[in-house]
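Participant: Below you will find the structure I want to go over with you.
The values are calculated or read from the model by the stated rules, or taken from the named source; none is laboratory data. Model, not experiment: these values are computed from the prediction. So basically every Cβ, Gly included, is an ideal-geometry build from the backbone, and we count neighbours across all protein chains shown.
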Amino acid sequence: MFMKEINYLKIQAKNLYRDFQLEYMQDSDEYVYATRFFDINAIVEDFMIDLDDFSLMKAQHIIAKMLGFNSWKEAINFEVLKPEQYTVRFELN
């Protein structure tokens, strides 16, 4: 994989981690996210994230899973990432 693509994936993992840190409690004891990059509620549900144990390493793993890889190592060692794998999937709707 080209360095540019690896850096892009690293940035996406950091963005996911930052978005996750933007949580705040609502009156109903529910977490609400003021995100900039990702739909955190959907990601928490899709990947069954432990809200009390989220780290940058777990964000990297989720980014890899979103791209169809089994692990972060597999994602960053992949030879050629198709443009549709790293452009569309990370857009916040």
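Participant: For region 40-64, which positions are in a loop (DSSP other than H, G, I, E, B) and modelled with pLDDT of 90 or more? Can you show your working first?
Facilitator: Here is the first cut: in region 40-64, the ones in a loop (DSSP other than H, G, I, E, B) are 48-55.
Answer for region 40-64, where residues must be in a loop (DSSP other than H, G, I, E, B) and modelled with pLDDT of 90 or more: just Ser55.
Participant: For region 7-16, check the following and say yes or no: at least one residue is at pLDDT 75 or above and touching a strand residue (DSSP E or B) at 6+ places or on another chain (Cβ under 9 Å).
Facilitator: No; the residues of region 7-16 include none that is at pLDDT 75 or above and touching a strand residue (DSSP E or B) at 6+ places or on another chain (Cβ under 9 Å).
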